[in-house]
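Structure first, commentary second.
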Amino acid sequence: MGHDQRGHTHGPGHSHVPREVSGRTMGAALGLTIAFVVAEALCGWRAHSLALLSDAGHNVADAAALGFSWYAMRVA
């Protein structure tokens, strides 16, 4: 096993090189994130939980970032 620049060893099959992500994977991640946002917002509204509602709002920003990334992958 070889050492990397940070001095730690890597086992077989372990790498810090990012894998290619497909548009299908990004679409699935976006869909799951949006589904979670909807479920969390509905539960937060029903339970009168500001914590759940604010976390749902935060996850909307995550979904937007995933959507922009997916769009950029398709354009590229």
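The values are calculated or read from the model by the stated rules, or taken from the named source; none is laboratory data. For clarity, every value in this text was computed on a predicted model and none was experimentally measured. Just the protein is used for accessible areas: all its heavy atoms, side chains included, with ligands, DNA and RNA removed. Shrake-Rupley method; radii C 1.70, N 1.55, O 1.52, S 1.80 Å.
For H58, the accessible surface of its heavy atoms amounts to roughly 100 Å² (probe 1.4 Å, protein chains only, rounded to the nearest 10). Principal axis extents of the C-alpha atoms in the range 15-76 (largest first, rounded to whole Å): 42, 27, 15.
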